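K.L.:
Could you have a look at this structure, given as structure tokens, before my questions?
The values are calculated or read from the model by the stated rules, or taken from the named source; none is laboratory data. None of these values were measured; they are calculated from a predicted model. Positions of Cβ are generated from backbone atoms using ideal geometry, with glycine treated the same way; all protein chains shown enter the neighbour counts. We work out accessible area using only protein heavy atoms, side chains counted, and drop any ligands, DNA or RNA first. Shrake-Rupley method; radii C 1.70, N 1.55, O 1.52, S 1.80 Å.
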Amino acid sequence: QVQLVESGGGLVQAGGSLRLSCTASGIIFSIKDMGWYRQAPGKRRELVGITTGGGNTNYADSVKGRFTVSRDNAKNTVYQEMNNLKPEDTDVYYCNAWVETSLRVQPENYWGQGSQVTVSS
């Protein structure tokens, strides 16, 4: 019913910048929390940055001051601007969203396909 399609990512040198985008499509009444997680091989998926339906943002301590999450509600799109990237930021980044598909229906959780971000030293 709902798809999250990511774009962006790639290879960058340490200190560089990248931008991720994620657009939700399908049957959407409203989107609550929307943001980004990341996962390295053999590790748990962890929160990177998220924006709530009310416009608040939360970040992992490791990215505060370097990453910025924003959203365009009219486009059902969330962005993540990543600056001063470090080799330890190398991971697969996943878009995540809690989506209401109609009024009075509990939000459901959806994931994007994942985007590889590689930071070389």
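K.L.:
Scan the stretch 1-25 and report the pairs whose first residue is under 19 Å from Arg66 (Cβ atoms) and of a type in the set (S, T, N, Q) and whose second residue is open to solvent by 60 Å² or more (accessible area, probe 1.4 Å) and in a strand (DSSP E or B), with Cβ atoms within less than 8 Å and a gap of 6+ or a chain change.
P.N.:
Short answer, once both residue conditions are applied: Ser17/Glu81; Ser21/Ser7.
K.L.:
Hey, another quick one. Looking at Gly26, is it open to solvent by 50 Å² or more (accessible area, probe 1.4 Å) and small (Gly, Ala, Ser)?
P.N.:
Yes: the conditions hold for Gly26.
K.L.:
Just need a number here: residues in the stretch 95-111 that are open to solvent by 40 Å² or more (accessible area, probe 1.4 Å), in a strand (DSSP E or B) and in contact (Cβ under 8 Å) with a residue 60 or more places away in the chain.
P.N.:
The total comes to 3.
K.L.:
Would you point out which residue out of Val119, Val99 is farther than 17 Å from Val2 by Cα and hydrophobic (A, V, I, L, M, F, W, C)? Can you show your working first?
P.N.:
Details: Val99 fails: farther than 17 Å from Val2 by Cα.
Unique residue meeting the criteria: Val119.
K.L.:
Same structure again: Failed condition for Glu88, given (1) exposed (fewer than 12 other Cβ atoms within 10 Å of the Cβ); (2) among the charged types (D, E, K, R); (3) over 19 Å from Arg44 (Cβ atoms), with all others met?
P.N.:
It is condition (3) that Glu88 fails.
K.L.:
Only one of (1) more than 11 Å from the chain's Cα centre (by Cα); (2) modelled with pLDDT of 95 or more is not met by Arg38, so which one is it?
P.N.:
It is condition (1) that Arg38 fails.
K.L.:
Still on this structure, please answer the following. Working only within the stretch 52-82, note down all residues that are open to solvent by 60 Å² or more (accessible area, probe 1.4 Å) and under 18 Å from Gly8 (Cβ atoms).
P.N.:
Once the filter is applied, which keeps residues that are open to solvent by 60 Å² or more (accessible area, probe 1.4 Å) and under 18 Å from Gly8 (Cβ atoms), the stretch 52-82 yields Thr68, Lys75, Glu81.
K.L.:
Moving to a separate point now. If we scan the stretch 64-85, do we find a residue that is over 16 Å from the mean Cα position of the chain (by Cα), of a type in the set (A, V, I, L, M, F, W, C) and either more than 16 Å from Gly16 (Cβ to Cβ) or part of a helix (DSSP H, G or I) (or both)?
P.N.:
yes
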